[in-house]
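Every number in this text was worked out from the coordinates using simple rules, so none of it is lab data. Given the structure is predicted, the values throughout are model-derived calculations rather than measurements. Using ideal geometry, Cβ is built from the backbone for each residue, glycine included, and neighbour counts are taken over all protein chains shown.
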Amino acid sequence: MILETSKNAPIGVFDSGVGGLTAVRCLRRLLPGEDIVFFGDTARVPYGSRTPEEIHRFARENLDYLLTFGIKAALVACGTISAIALDDLQNDGIPVCGVLIPAVEQAVSVTRNRRVGVIATPASIGSGSYQRALEARGCTVAANACPLYVPLAEQGRVQRGDPLVEEATAEYLAPIREAGVDTLILGCTHFPWFSEVIAAFMGEGVELINCSAAAAETLAGMIGGGTRREGGRLEIRVSGDPVPFAPLAERFLQEKDLRVQKARTI
Ligand code: DGL
């Protein structure tokens, strides 16, 4: 599908759920004049335990849905789709940016000892995409999947001191800390919500790379800095129940009166 889009058309952002809001938050700060349409596929979250076939299908369906809004660019705010299916999304006549390469490039630019950790979903880590991209740039990689982080974030449980969050963090990150990395990629967009607890566990010498922030910067470059308008609108659609998503979105984005609508069924 190729659509004519104008400079004032919205940017489309999608993910399986609240992870994608880490990218929305960065875009809202970086490009405050841009309208954004966010789609959270909450009826099908988590993606990280899906097969590659399902991930390819969801990627295509989600982008096709956002194209119906006449978007001028898309941010694929999902590490899993970025790791497995990004190539499927490059032929629609608009710029499409995933999170993997921006995160990897930022990590390579900050590491001093060239030992880089990456945590992401089981599907992303299983695909080996992060590891290959880092190794191709001369890094030694310590990688681990963190399956519990996604359901915890979807419940809004991300704080330090939450026993489940602390336990999951210790279990997932102990081998990465052991490996002596000086840089850690949070390679799933849900994970930046856990930055505080992850930073506390990893200690001061380890730089955290937020894949959503890296991707938002890359996308801003791709679209040439955006419009000059102020007060860009944010439209949120989810495939699951919009009622519990609204307070989560307001809390995570620190914005009030966000309207969350049910997306047409995919
Ligand atoms: N936030 C997505 C990612 O970055 C998907 C997580 C999931 O649904 O498992 O991988």
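Across the range 106-177, the relative contact order, built from alpha-carbon pairs under 8 Å that are at least six residues apart, equals 29 percent. Between amide H atoms placed 1.01 Å from N, distances below 5 Å from ILE36 occur with ILE11, ARG233, LEU234, GLU235, all of them 5 or more places distant or on a separate chain.
Rank the residues LEU100, LEU173 as a footprinting-exposure proxy: fewest other Cβ atoms within 10 Å of their Cβ go first.
Values: LEU100 28, LEU173 22.
The order, fewest Cβ neighbours first, is LEU173, LEU100.
Treating only the Cα positions of the range 130-189 as identical point scatterers, give the base-10 log of I(q)/I(0) from the Debye formula at each q in 0.16 Å⁻¹. Calculated log10 I(q)/I(0) at the listed q: -0.58.
Of all the stretches in the chain, which is the longest one without any exposed loop site, taking GluC sites (Glu not before Pro) in a DSSP loop (any state but H, G, I, E, B) with at most 12 other Cβ atoms within 10 Å?
Values: sites that count: GLU4, GLU204, GLU230.
Segment 5-203 is the longest.
Taking R0 as 30 Å, what's the FRET efficiency between GLU167 and ASP241 from their Cβ-Cβ distance, rounded to 0.05? Display every interim value, and only then the final one.
On the way: r = 28 Å, r/R0 = 0.93.
So the FRET efficiency works out to roughly 0.60.
Debye-formula intensities of the range 77-235, expressed as log10 I(q)/I(0) at q = 0.12, 0.15 Å⁻¹, are -0.52, -0.80 (one equal scatterer per alpha-carbon, no solvent). Once the chain from ARG259 to ARG137 is taken as fully extended at 0.36 nm per residue, the excess over their C-alpha distance is 39.7 nm. A cut-off of 5 Å between modelled amide H atoms, ignoring neighbours fewer than 5 places along the same chain, links ALA142 with VAL116, GLY117, VAL118.
Computed from point charges on the beta carbon alone (+1 for Lys and Arg, -1 for Asp and Glu), the dipole magnitude for the range 107-192 about its Cα centre is near 420 Debye. Normalised by the number of residues in the range 88-243, the mean separation of alpha-carbon contacts (under 8 Å, six or more apart) gives a relative contact order of 29 percent. Sequence-ordered 3J(HN,Hα) estimates for the range 248-260 from the Karplus curve with 6.51, -1.76 and 1.60 and θ = phi - 60° stand at 5, 4, 5, 5, 5, 8, 6, 10, 9, 6, 7, 9, 10 Hz, glycine and proline given as x.
In terms of surrounding Cβ atoms within a 10 Å radius of their Cβ, HIS56, HIS190 rank from fewest to most as HIS56, HIS190. Taking 0.36 nm per residue of separation and subtracting the current Cα-Cα distance, fully stretching the chain between GLU204 and ARG160 would add 14.2 nm. From the largest down, the chain spans 50, 38, 37 angstrom on the principal axes of its Cα atoms.
Filter the trypsin sites (Lys or Arg not before Pro) in the range 158-266 to those in DSSP coil with at most 14 other Cβ atoms within 10 Å of their Cβ, and list the result. Provide the component values of the computation, followed by the final result.
Working: sites: ARG160, ARG177, ARG228, ARG229, ARG233, ARG237, ARG251, LYS256, ARG259, LYS262, ARG264; in loops: ARG160, ARG228, ARG229, ARG233, LYS256, ARG259, ARG264.
Answer by residue number: ARG160, ARG228, ARG229, ARG233, LYS256, ARG259, ARG264.
Modelled spin labels at ARG251 and SER6, positioned 7 Å past Cα toward Cβ, are 3.9 nm from each other.
For the range 7-111, the percent of C-alpha pairs falling in each 10 Å distance bin, counted from 0 to the bin holding the largest distance, reads 15, 49, 31, 5, 0. By the beta-carbon count within 10 Å of each Cβ, the least crowded to most crowded order of THR140, THR121, THR189, THR183, fewest first, is THR140, THR183, THR121, THR189. For the chain, the longest principal axis of the alpha carbon atoms and the long axis of helix 211-222 meet at an angle near 50°.
If R0 equals 25 Å, the separation of the Cβ atoms of LEU30 and GLU178 corresponds to a calculated FRET efficiency of about 0.10. Annotation: aspartates and glutamates with alpha-carbon distance below 12 angstrom to LYS72 (same-chain offsets under eight excluded): GLU4, GLU34, ASP35, ASP92.
Mind jotting down a quarter of the surface of the convex hull over the alpha carbons of the range 171-230, in square nanometres, one decimal?
5.5
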